Amino acid sequence: MSQLFAIIFKYRVFLVFILLELVAAALIVNNNTYQRSVILSSSNTVVGGIYNTTSNVEQYFHLTEVNEDLLNENALLRKQIELNQMVSINDSVEQENTLSPLFYGMSDTIAYDFIPARVINNSVYRSANYITLNKGRKDGILEGMGIMTKDGVVGQVKSVSNHFATCYSLLHRDMAVSSELKKNGALCTVKWDTEDPTKASVNYLPLHLDIDVGDTITTSGFNTVYPEGVMLGVVTEAEKTPSERFWLVTIDVSVDFSKLHHVYVSKSLFRAEKDSLESMDEQ
Amino acid sequence: MGREIWLKQAGLFLIYLFVQVLFFRNLTFFDGNVMVFPYVAFLVLLPFGAMNMSILLVAFCMGFVVDIFYDSIGIHTASCVFLAFTRTQIMKWTAPTGGYELSEIPTINQMGFGTFLVFVIPQILLHHITLFMIEAGNMSFMPKAILRGVLSTFATLVIVLAIQYLFYGNVGRRRL
(Lines give C-alpha, C1' and ligand atoms only; values in the text may rest on other atoms or scores of the structure.)
Protein backbone atom coordinates (compact mmCIF):
# COMPACT_ATOMS: atom_id res chain seq x y z
CA MET A 1 0.00 0.00 0.00
CA SER A 2 2.69 2.44 0.96
CA GLN A 3 4.41 1.55 -2.29
CA LEU A 4 1.29 2.51 -4.21
CA PHE A 5 1.25 5.89 -2.50
CA ALA A 6 4.92 6.26 -3.24
CA ILE A 7 4.25 5.68 -6.94
CA ILE A 8 1.34 8.10 -6.97
CA PHE A 9 3.53 10.64 -5.19
CA LYS A 10 6.36 10.12 -7.63
CA TYR A 11 4.15 10.67 -10.68
CA ARG A 12 1.89 13.28 -9.07
CA VAL A 13 2.79 15.98 -11.58
CA PHE A 14 2.00 13.72 -14.50
CA LEU A 15 -1.27 12.63 -12.90
CA VAL A 16 -2.33 16.22 -12.24
CA PHE A 17 -1.37 17.04 -15.84
CA ILE A 18 -3.64 14.25 -17.10
CA LEU A 19 -6.42 15.37 -14.77
CA LEU A 20 -6.26 19.01 -15.91
CA GLU A 21 -6.19 17.98 -19.59
CA LEU A 22 -9.25 15.81 -19.00
CA VAL A 23 -11.04 18.77 -17.43
CA ALA A 24 -10.13 20.91 -20.44
CA ALA A 25 -11.24 18.17 -22.83
CA ALA A 26 -14.55 17.88 -21.00
CA LEU A 27 -15.00 21.65 -21.32
CA ILE A 28 -14.33 21.48 -25.06
CA VAL A 29 -16.49 18.43 -25.73
CA ASN A 30 -19.42 19.68 -23.70
CA ASN A 31 -19.01 23.11 -25.20
CA ASN A 32 -22.64 23.28 -26.28
CA THR A 33 -23.90 22.66 -22.76
CA TYR A 34 -21.65 25.30 -21.29
CA GLN A 35 -22.49 27.80 -24.02
CA ARG A 36 -25.73 28.38 -22.14
CA SER A 37 -23.89 29.35 -19.00
CA VAL A 38 -23.23 33.03 -18.97
CA ILE A 39 -20.39 32.95 -16.47
CA LEU A 40 -18.08 31.10 -18.87
CA SER A 41 -18.67 33.41 -21.82
CA SER A 42 -17.84 36.98 -22.70
CA SER A 43 -21.30 38.16 -21.66
CA ASN A 44 -20.46 37.84 -17.97
CA THR A 45 -20.39 41.15 -16.15
CA VAL A 46 -16.64 41.52 -15.77
CA VAL A 47 -15.58 40.54 -19.29
CA GLY A 48 -18.53 42.31 -20.90
CA GLY A 49 -17.74 45.43 -18.88
CA ILE A 50 -14.10 45.38 -19.99
CA TYR A 51 -15.07 44.93 -23.64
CA ASN A 52 -17.65 47.68 -23.30
CA THR A 53 -15.05 50.12 -21.96
CA THR A 54 -12.54 49.40 -24.73
CA SER A 55 -15.19 49.63 -27.41
CA ASN A 56 -16.34 52.96 -25.95
CA VAL A 57 -12.92 54.31 -26.86
CA GLU A 58 -12.67 52.43 -30.13
CA GLN A 59 -16.02 53.50 -31.53
CA TYR A 60 -14.81 57.06 -32.11
CA PHE A 61 -12.46 55.83 -34.82
CA HIS A 62 -15.38 54.46 -36.85
CA LEU A 63 -17.73 57.43 -36.50
CA THR A 64 -17.50 58.58 -40.12
CA GLU A 65 -18.20 55.11 -41.43
CA VAL A 66 -21.09 54.53 -39.04
CA ASN A 67 -22.64 57.92 -39.87
CA GLU A 68 -22.48 57.18 -43.56
CA ASP A 69 -24.14 53.82 -43.00
CA LEU A 70 -26.92 55.36 -40.96
CA LEU A 71 -27.43 58.04 -43.61
CA ASN A 72 -27.82 55.39 -46.31
CA GLU A 73 -30.21 53.46 -44.19
CA ASN A 74 -32.27 56.56 -43.48
CA ALA A 75 -32.49 57.28 -47.18
CA LEU A 76 -33.67 53.71 -47.78
CA LEU A 77 -36.31 53.97 -45.10
CA ARG A 78 -37.51 57.33 -46.41
CA LYS A 79 -37.90 55.81 -49.82
CA GLN A 80 -40.00 53.06 -48.31
CA ILE A 81 -42.28 55.51 -46.56
CA GLU A 82 -42.82 57.22 -49.91
CA LEU A 83 -43.55 53.91 -51.58
CA ASN A 84 -45.88 52.82 -48.80
CA GLN A 85 -47.84 56.02 -49.14
CA MET A 86 -48.10 55.32 -52.86
CA VAL A 87 -49.39 51.87 -52.03
CA SER A 88 -52.12 53.22 -49.86
CA ILE A 89 -53.10 55.65 -52.63
CA ASN A 90 -52.72 53.23 -55.46
CA ASP A 91 -53.81 49.73 -54.54
CA SER A 92 -52.62 48.12 -57.74
CA VAL A 93 -49.00 48.10 -56.66
CA GLU A 94 -48.23 44.89 -54.87
CA GLN A 95 -47.20 45.81 -51.40
CA GLU A 96 -44.68 43.10 -50.62
CA ASN A 97 -42.25 43.99 -53.39
CA THR A 98 -41.88 47.53 -52.22
CA LEU A 99 -40.80 46.74 -48.68
CA SER A 100 -37.19 46.43 -47.73
CA PRO A 101 -36.05 43.02 -46.52
CA LEU A 102 -35.67 44.48 -43.08
CA PHE A 103 -39.39 45.10 -42.83
CA TYR A 104 -40.91 42.22 -44.75
CA GLY A 105 -42.21 40.83 -41.50
CA MET A 106 -44.30 43.93 -41.08
CA SER A 107 -46.37 43.47 -44.20
CA ASP A 108 -49.49 42.29 -42.40
CA THR A 109 -49.08 43.09 -38.78
CA ILE A 110 -45.94 43.92 -36.92
CA ALA A 111 -44.41 40.49 -36.38
CA TYR A 112 -40.92 41.62 -35.36
CA ASP A 113 -39.53 44.24 -33.08
CA PHE A 114 -35.96 45.43 -33.59
CA ILE A 115 -33.64 46.27 -30.72
CA PRO A 116 -30.59 48.31 -31.74
CA ALA A 117 -27.31 47.22 -30.14
CA ARG A 118 -23.60 47.92 -30.44
CA VAL A 119 -21.01 45.26 -31.17
CA ILE A 120 -18.39 45.39 -28.40
CA ASN A 121 -16.45 42.27 -29.34
CA ASN A 122 -16.20 40.41 -32.60
CA SER A 123 -13.95 37.83 -34.21
CA VAL A 124 -13.77 36.73 -37.81
CA TYR A 125 -10.77 34.50 -38.29
CA ARG A 126 -11.56 31.48 -36.14
CA SER A 127 -13.63 28.42 -36.97
CA ALA A 128 -16.09 29.34 -34.22
CA ASN A 129 -16.62 33.08 -34.15
CA TYR A 130 -18.64 34.95 -31.54
CA ILE A 131 -20.01 38.46 -31.18
CA THR A 132 -20.67 40.29 -27.91
CA LEU A 133 -23.38 42.97 -27.79
CA ASN A 134 -23.76 45.76 -25.25
CA LYS A 135 -27.42 44.95 -24.56
CA GLY A 136 -28.86 42.09 -22.57
CA ARG A 137 -31.89 40.77 -20.77
CA LYS A 138 -32.78 44.18 -19.31
CA ASP A 139 -33.17 45.48 -22.87
CA GLY A 140 -35.44 42.61 -23.85
CA ILE A 141 -32.89 40.34 -25.54
CA LEU A 142 -33.41 36.60 -25.10
CA GLU A 143 -31.52 33.48 -26.16
CA GLY A 144 -32.13 32.45 -29.75
CA MET A 145 -33.04 35.83 -31.21
CA GLY A 146 -31.63 36.80 -34.59
CA ILE A 147 -29.12 39.57 -35.27
CA MET A 148 -28.96 41.55 -38.49
CA THR A 149 -27.84 44.78 -40.07
CA LYS A 150 -29.40 46.55 -43.02
CA ASP A 151 -27.07 44.44 -45.22
CA GLY A 152 -28.24 41.06 -43.96
CA VAL A 153 -27.98 38.30 -41.39
CA VAL A 154 -25.23 38.61 -38.74
CA GLY A 155 -25.91 35.81 -36.26
CA GLN A 156 -27.99 34.52 -33.38
CA VAL A 157 -27.99 35.18 -29.64
CA LYS A 158 -26.30 32.43 -27.63
CA SER A 159 -26.38 33.51 -24.00
CA VAL A 160 -27.62 36.63 -22.25
CA SER A 161 -26.68 38.33 -19.01
CA ASN A 162 -28.44 41.38 -17.63
CA HIS A 163 -26.44 43.87 -19.67
CA PHE A 164 -24.63 41.84 -22.34
CA ALA A 165 -25.30 39.17 -24.92
CA THR A 166 -22.89 36.68 -26.46
CA CYS A 167 -23.94 35.59 -29.93
CA TYR A 168 -22.99 33.07 -32.57
CA SER A 169 -21.67 34.88 -35.59
CA LEU A 170 -22.93 33.61 -38.95
CA LEU A 171 -19.25 32.69 -39.26
CA HIS A 172 -19.61 29.82 -36.79
CA ARG A 173 -19.33 26.21 -37.89
CA ASP A 174 -22.47 25.23 -35.95
CA MET A 175 -24.69 27.97 -37.38
CA ALA A 176 -27.33 26.97 -39.91
CA VAL A 177 -29.82 29.49 -41.25
CA SER A 178 -33.09 28.41 -42.81
CA SER A 179 -33.10 30.22 -46.14
CA GLU A 180 -34.60 30.31 -49.60
CA LEU A 181 -33.66 31.08 -53.17
CA LYS A 182 -35.28 34.45 -53.69
CA LYS A 183 -36.34 33.96 -57.29
CA ASN A 184 -38.50 30.86 -56.71
CA GLY A 185 -38.66 30.36 -52.97
CA ALA A 186 -36.82 27.00 -52.94
CA LEU A 187 -35.87 26.10 -49.37
CA CYS A 188 -32.23 25.64 -48.45
CA THR A 189 -29.84 25.98 -45.51
CA VAL A 190 -26.91 28.36 -45.33
CA LYS A 191 -23.90 27.08 -43.39
CA TRP A 192 -20.44 28.49 -42.89
CA ASP A 193 -18.00 25.69 -43.60
CA THR A 194 -15.56 27.54 -45.83
CA GLU A 195 -13.17 29.06 -43.22
CA ASP A 196 -13.32 32.22 -45.35
CA PRO A 197 -15.09 35.14 -43.62
CA THR A 198 -16.55 36.40 -46.92
CA LYS A 199 -18.01 33.12 -48.17
CA ALA A 200 -20.64 30.64 -47.02
CA SER A 201 -22.16 27.58 -48.60
CA VAL A 202 -25.78 26.75 -49.39
CA ASN A 203 -26.95 23.19 -48.76
CA TYR A 204 -29.94 21.14 -49.86
CA LEU A 205 -30.82 22.87 -53.13
CA PRO A 206 -32.19 20.01 -55.28
CA LEU A 207 -30.65 19.42 -58.70
CA HIS A 208 -33.79 20.01 -60.74
CA LEU A 209 -33.69 23.73 -59.99
CA ASP A 210 -31.81 26.19 -62.19
CA ILE A 211 -29.26 28.16 -60.24
CA ASP A 212 -27.17 30.90 -61.79
CA VAL A 213 -24.32 32.99 -60.51
CA GLY A 214 -25.84 36.20 -59.17
CA ASP A 215 -28.97 34.66 -57.65
CA THR A 216 -29.92 35.98 -54.24
CA ILE A 217 -30.31 33.87 -51.10
CA THR A 218 -32.50 35.29 -48.33
CA THR A 219 -33.92 34.01 -45.06
CA SER A 220 -37.06 31.88 -45.27
CA GLY A 221 -38.80 33.23 -42.19
CA PHE A 222 -39.88 29.69 -41.30
CA ASN A 223 -38.43 29.81 -37.85
CA THR A 224 -39.09 32.82 -35.73
CA VAL A 225 -35.47 33.97 -35.63
CA TYR A 226 -35.31 36.30 -38.62
CA PRO A 227 -38.10 37.94 -40.61
CA GLU A 228 -38.62 36.60 -44.11
CA GLY A 229 -36.46 37.98 -46.88
CA VAL A 230 -33.40 39.22 -44.97
CA MET A 231 -30.40 39.13 -47.29
CA LEU A 232 -27.80 36.38 -46.81
CA GLY A 233 -25.72 36.66 -49.94
CA VAL A 234 -25.32 36.38 -53.69
CA VAL A 235 -24.36 33.14 -55.44
CA THR A 236 -20.80 33.20 -56.76
CA GLU A 237 -20.31 29.52 -57.57
CA ALA A 238 -22.86 26.88 -58.42
CA GLU A 239 -21.70 23.39 -59.29
CA LYS A 240 -23.51 20.16 -60.12
CA THR A 241 -21.67 16.99 -59.20
CA PRO A 242 -23.06 13.63 -60.24
CA SER A 243 -22.22 12.02 -56.92
CA GLU A 244 -24.22 14.50 -54.88
CA ARG A 245 -27.96 14.88 -54.72
CA PHE A 246 -27.77 18.62 -54.21
CA TRP A 247 -26.11 21.61 -55.78
CA LEU A 248 -22.77 22.75 -54.38
CA VAL A 249 -23.40 26.46 -54.02
CA THR A 250 -21.11 29.14 -52.59
CA ILE A 251 -22.35 32.63 -51.75
CA ASP A 252 -20.65 35.90 -51.03
CA VAL A 253 -21.85 36.88 -47.56
CA SER A 254 -23.61 40.23 -47.82
CA VAL A 255 -22.42 41.54 -44.45
CA ASP A 256 -18.82 42.69 -44.04
CA PHE A 257 -18.06 41.06 -40.70
CA SER A 258 -14.76 42.84 -40.25
CA LYS A 259 -16.63 46.17 -40.06
CA LEU A 260 -19.46 45.34 -37.72
CA HIS A 261 -20.43 48.22 -35.42
CA HIS A 262 -24.18 48.53 -34.95
CA VAL A 263 -26.72 45.76 -35.35
CA TYR A 264 -30.43 45.08 -34.81
CA VAL A 265 -31.65 42.19 -32.70
CA SER A 266 -34.86 40.85 -34.26
CA LYS A 267 -37.44 39.92 -31.66
CA SER A 268 -40.33 37.86 -32.97
CA LEU A 269 -43.50 38.95 -31.21
CA PHE A 270 -45.26 35.68 -32.02
CA ARG A 271 -42.41 33.31 -31.20
CA ALA A 272 -43.98 31.79 -28.09
CA GLU A 273 -47.33 31.38 -29.80
CA LYS A 274 -45.88 29.74 -32.91
CA ASP A 275 -43.55 27.47 -30.96
CA SER A 276 -46.27 26.23 -28.64
CA LEU A 277 -48.60 25.58 -31.57
CA GLU A 278 -45.92 23.65 -33.46
CA SER A 279 -44.93 21.60 -30.43
CA MET A 280 -48.60 20.76 -29.94
CA ASP A 281 -48.64 19.27 -33.45
CA GLU A 282 -45.78 16.98 -32.59
CA GLN A 283 -47.55 15.43 -29.64
CA MET B 1 10.31 31.36 -3.03
CA GLY B 2 10.02 34.69 -1.37
CA ARG B 3 6.74 36.46 -1.04
CA GLU B 4 7.96 39.32 -3.23
CA ILE B 5 8.52 37.00 -6.17
CA TRP B 6 4.98 35.69 -5.91
CA LEU B 7 3.52 39.18 -5.77
CA LYS B 8 5.58 40.16 -8.79
CA GLN B 9 4.42 37.07 -10.70
CA ALA B 10 0.79 37.81 -9.80
CA GLY B 11 1.24 41.31 -11.22
CA LEU B 12 2.83 39.91 -14.37
CA PHE B 13 -0.06 37.44 -14.72
CA LEU B 14 -2.55 40.31 -14.85
CA ILE B 15 -0.40 42.43 -17.16
CA TYR B 16 0.15 39.62 -19.68
CA LEU B 17 -3.54 38.70 -19.50
CA PHE B 18 -4.88 42.19 -20.11
CA VAL B 19 -2.39 43.11 -22.81
CA GLN B 20 -3.34 39.85 -24.55
CA VAL B 21 -7.11 40.22 -24.44
CA LEU B 22 -7.26 43.97 -24.99
CA PHE B 23 -4.49 44.49 -27.53
CA PHE B 24 -3.00 41.35 -29.08
CA ARG B 25 -6.42 39.78 -29.55
CA ASN B 26 -7.04 42.35 -32.27
CA LEU B 27 -3.66 41.83 -33.95
CA THR B 28 -3.73 39.33 -36.81
CA PHE B 29 -1.77 38.99 -40.03
CA PHE B 30 -2.40 37.38 -43.42
CA ASP B 31 -6.20 37.32 -43.28
CA GLY B 32 -6.23 36.12 -39.71
CA ASN B 33 -4.09 33.06 -40.37
CA VAL B 34 -1.33 34.34 -38.15
CA MET B 35 -2.22 35.36 -34.59
CA VAL B 36 -0.07 36.31 -31.65
CA PHE B 37 -0.40 34.94 -28.13
CA PRO B 38 2.41 36.56 -26.14
CA TYR B 39 0.55 35.72 -22.92
CA VAL B 40 2.19 32.27 -23.07
CA ALA B 41 5.47 34.04 -22.31
CA PHE B 42 4.20 34.42 -18.76
CA LEU B 43 4.11 30.64 -18.38
CA VAL B 44 7.36 30.07 -20.27
CA LEU B 45 9.19 32.67 -18.20
CA LEU B 46 8.05 31.66 -14.72
CA PRO B 47 10.94 31.37 -12.25
CA PHE B 48 13.08 28.23 -12.60
CA GLY B 49 12.38 27.38 -9.02
CA ALA B 50 8.58 27.30 -9.41
CA MET B 51 7.23 23.88 -8.56
CA ASN B 52 5.98 21.75 -11.42
CA MET B 53 2.64 21.32 -9.73
CA SER B 54 2.07 25.04 -9.28
CA ILE B 55 3.09 25.71 -12.90
CA LEU B 56 0.38 23.31 -14.07
CA LEU B 57 -2.24 24.99 -11.90
CA VAL B 58 -1.18 28.51 -12.90
CA ALA B 59 -1.28 27.44 -16.57
CA PHE B 60 -4.75 26.04 -16.09
CA CYS B 61 -5.98 29.31 -14.57
CA MET B 62 -4.33 31.44 -17.26
CA GLY B 63 -5.79 29.34 -20.07
CA PHE B 64 -9.20 29.34 -18.48
CA VAL B 65 -9.40 33.11 -18.11
CA VAL B 66 -8.10 33.70 -21.65
CA ASP B 67 -10.73 31.21 -22.88
CA ILE B 68 -13.52 33.21 -21.28
CA PHE B 69 -12.33 36.34 -23.07
CA TYR B 70 -11.95 34.50 -26.38
CA ASP B 71 -15.27 32.62 -26.00
CA SER B 72 -13.37 29.42 -26.75
CA ILE B 73 -13.89 27.55 -23.50
CA GLY B 74 -11.35 24.76 -22.95
CA ILE B 75 -9.10 25.33 -25.95
CA HIS B 76 -6.53 27.67 -24.41
CA THR B 77 -6.81 25.75 -21.14
CA ALA B 78 -5.78 22.49 -22.80
CA SER B 79 -2.91 24.12 -24.72
CA CYS B 80 -1.58 25.96 -21.68
CA VAL B 81 -1.62 22.87 -19.47
CA PHE B 82 0.21 20.99 -22.23
CA LEU B 83 2.78 23.79 -22.44
CA ALA B 84 3.27 23.70 -18.68
CA PHE B 85 3.91 19.98 -18.74
CA THR B 86 6.40 20.10 -21.62
CA ARG B 87 8.17 23.01 -19.94
CA THR B 88 9.45 20.74 -17.18
CA GLN B 89 10.91 18.36 -19.78
CA ILE B 90 12.51 21.11 -21.86
CA MET B 91 14.06 22.61 -18.72
CA LYS B 92 16.03 19.38 -18.31
CA TRP B 93 17.59 19.72 -21.78
CA THR B 94 18.57 23.32 -21.42
CA ALA B 95 19.85 23.16 -17.84
CA PRO B 96 23.40 24.43 -17.41
CA THR B 97 25.92 22.03 -15.86
CA GLY B 98 25.51 23.43 -12.35
CA GLY B 99 21.72 23.45 -12.56
CA TYR B 100 19.51 26.53 -12.58
CA GLU B 101 19.70 29.36 -10.11
CA LEU B 102 16.29 28.65 -8.64
CA SER B 103 15.37 32.20 -7.76
CA GLU B 104 16.13 33.47 -11.29
CA ILE B 105 13.64 33.90 -14.08
CA PRO B 106 14.55 32.88 -17.65
CA THR B 107 15.88 35.89 -19.57
CA ILE B 108 18.16 36.29 -22.57
CA ASN B 109 20.50 38.07 -20.22
CA GLN B 110 20.80 35.11 -17.99
CA MET B 111 20.67 32.21 -20.48
CA GLY B 112 22.31 33.60 -23.59
CA PHE B 113 20.54 34.09 -26.89
CA GLY B 114 20.90 30.55 -28.26
CA THR B 115 19.83 28.71 -25.12
CA PHE B 116 16.96 31.13 -24.67
CA LEU B 117 15.64 30.28 -28.15
CA VAL B 118 16.04 26.54 -27.51
CA PHE B 119 14.14 27.00 -24.27
CA VAL B 120 11.35 29.21 -25.61
CA ILE B 121 10.64 28.06 -29.20
CA PRO B 122 9.58 24.43 -28.54
CA GLN B 123 7.20 25.54 -25.80
CA ILE B 124 5.53 28.25 -27.89
CA LEU B 125 5.43 25.97 -30.93
CA LEU B 126 3.76 23.12 -29.04
CA HIS B 127 1.25 25.48 -27.47
CA HIS B 128 0.32 27.13 -30.78
CA ILE B 129 0.05 23.92 -32.77
CA THR B 130 -2.10 22.31 -30.06
CA LEU B 131 -4.24 25.41 -29.97
CA PHE B 132 -4.87 25.60 -33.72
CA MET B 133 -5.38 21.85 -34.02
CA ILE B 134 -8.01 21.71 -31.30
CA GLU B 135 -9.67 24.76 -32.76
CA ALA B 136 -9.80 23.32 -36.28
CA GLY B 137 -11.60 20.30 -34.84
CA ASN B 138 -11.68 18.58 -38.22
CA MET B 139 -9.02 16.37 -39.77
CA SER B 140 -9.26 18.06 -43.17
CA PHE B 141 -8.08 21.36 -41.68
CA MET B 142 -5.09 19.84 -39.83
CA PRO B 143 -2.31 20.73 -42.32
CA LYS B 144 -3.55 24.30 -42.36
CA ALA B 145 -3.75 24.33 -38.57
CA ILE B 146 -0.13 23.20 -38.26
CA LEU B 147 1.00 25.83 -40.75
CA ARG B 148 -0.90 28.49 -38.85
CA GLY B 149 0.70 27.26 -35.62
CA VAL B 150 4.21 27.48 -37.05
CA LEU B 151 3.73 30.93 -38.55
CA SER B 152 2.05 32.24 -35.40
CA THR B 153 4.97 30.92 -33.37
CA PHE B 154 7.31 33.21 -35.29
CA ALA B 155 5.00 36.17 -34.73
CA THR B 156 4.70 35.45 -31.01
CA LEU B 157 8.47 34.88 -30.74
CA VAL B 158 9.20 38.30 -32.23
CA ILE B 159 7.04 39.91 -29.55
CA VAL B 160 8.53 37.80 -26.75
CA LEU B 161 12.04 38.81 -27.86
CA ALA B 162 10.95 42.44 -28.08
CA ILE B 163 9.68 42.22 -24.49
CA GLN B 164 13.06 40.77 -23.46
CA TYR B 165 15.06 43.55 -25.08
CA LEU B 166 12.73 46.30 -23.86
CA PHE B 167 12.15 45.28 -20.26
CA TYR B 168 14.97 42.94 -19.29
CA GLY B 169 17.48 45.40 -20.69
CA ASN B 170 21.10 45.56 -21.70
CA VAL B 171 21.37 42.13 -23.23
CA GLY B 172 24.49 42.55 -25.34
CA ARG B 173 26.92 43.51 -22.62
CA ARG B 174 26.30 40.55 -20.37
CA ARG B 175 26.69 38.11 -23.21
CA LEU B 176 30.14 39.44 -24.20
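The values are calculated or read from the model by the stated rules, or taken from the named source; none is laboratory data. Predicted model only: the values in this text are computed from it and were never measured. Reconstructed Cβ throughout: ideal geometry from the backbone, glycine too, with neighbour counts over all protein chains shown. Surface areas here come from the heavy atoms of the whole protein model, side chains and all, with no ligands, DNA or RNA. Shrake-Rupley method; radii C 1.70, N 1.55, O 1.52, S 1.80 Å.
So which aspartates and glutamates can A:Lys138 reach, going by Cα to Cα under 19 Å and dropping same-chain residues fewer than 8 places off?
A:Asp113
Of the peptides B:23-30, B:151-158, A:53-60, how do they stack up when ordered by the mean number of other Cβ atoms within 10 Å, highest first?
B:151-158, B:23-30, A:53-60
Residue farthest toward the positive end of the dipole of chain A, with Cβ of Lys/Arg at +1 and Asp/Glu at -1: which of A:Ser169, A:Leu232, A:Gly214?
Value computed over the given set: A:Ser169.
Which percent of Cα pairs goes in each bin when the distances of chain B are cut into 5 angstrom slices starting at zero?
Over chain B, the share of Cα pairs per 5 Å bin runs 1, 8, 17, 22, 22, 16, 9, 4, 2, 0 percent.
Express the Stokes-Einstein translational diffusion coefficient of chain A in µm² s⁻¹, to the nearest whole number, given a Kirkwood radius over alpha-carbon pairs, 10 °C and a viscosity of 1.306 mPa s.
Roughly 75 µm²/s, to the nearest whole number.
Given a 1.4 angstrom probe, I'd like the percentage of the accessible area of the protein assembly as shown that is carbon and sulfur, rounded to a whole number.
The nonpolar share, carbon plus sulfur, comes to 61 percent.
Note down the magnitude of the dipole of region A:118-192 about its Cα centre, charges +1 on Lys and Arg C-beta and -1 on Asp and Glu C-beta and zero elsewhere, to the nearest 20 debye.
100 debye
Given charges of +1 on the Cβ of Lys and Arg and -1 on the Cβ of Asp and Glu, with all other atoms neutral, how large is the dipole of chain B about its Cα centre, in debye to the nearest 20?
400 debye
Placing unit charges on C-beta atoms (Lys and Arg positive, Asp and Glu negative, everything else neutral), compute the dipole magnitude of the protein assembly as shown about its Cα centre in debye, rounded to 20.
Result for the protein assembly as shown is approximately 2580 debye, rounded to the nearest 20.
So what's region A:197-283 giving for Cα Rg divided by 2.2 N^0.38 Å, two decimals?
1.37
Between B:Ser103 and B:Leu57, what length in nm is gained on full extension when 0.36 nm per residue of separation is reduced by their alpha carbon distance?
14.6 nm
How far apart, in nanometres, would the label points at A:Phe114 and A:Lys10 be if each is projected 7 angstrom from Cα along the Cα-to-Cβ direction?
Calculated label separation equals 7.0 nm.
With springs connecting C-alpha atoms under 10 Å apart, model chain A as a Gaussian network and identify which of A:Leu209, A:Leu181, A:Leu170 has the largest mean-square fluctuation.
A:Leu209
Helix by helix through chain B, keep the DSSP H runs that span 15 Å or more along the axis on Cα and average at least 1.6 on Kyte-Doolittle, and give those back in order.
Those that pass (Cα extent of 15 Å or more, hydropathy at least 1.6) are B:52-70, B:113-136.
Per residue of chain B, what 222 nm ellipticity follows from adding -39500 (n - 2.57) for every DSSP H run with n ≥ 4, rounded to the nearest 500?
Rounded to the nearest 500, it is -23000 deg cm²/dmol.
Hey, which of these cross-link pairs are over 20 Å Cα-Cα: A:Lys135/A:Lys182; A:Lys79/A:Lys135; A:Lys191/A:Lys240?
The pairs that break the limit, which is 20 Å between Cα atoms, are A:Lys135/A:Lys182; A:Lys79/A:Lys135.
Counting partner chain Cβ atoms within 10 Å of every residue's Cβ in B:16-29, what's the average?
That average works out to 2.
For region B:124-167, list residues with backbone N below 20 Å from a point placed 7 Å from the Cα of A:Glu239 toward its Cβ?
Taking a point 7 Å out along Cα→Cβ of A:Glu239, the residues of region B:124-167 whose backbone N falls under 20 Å are B:139-144.
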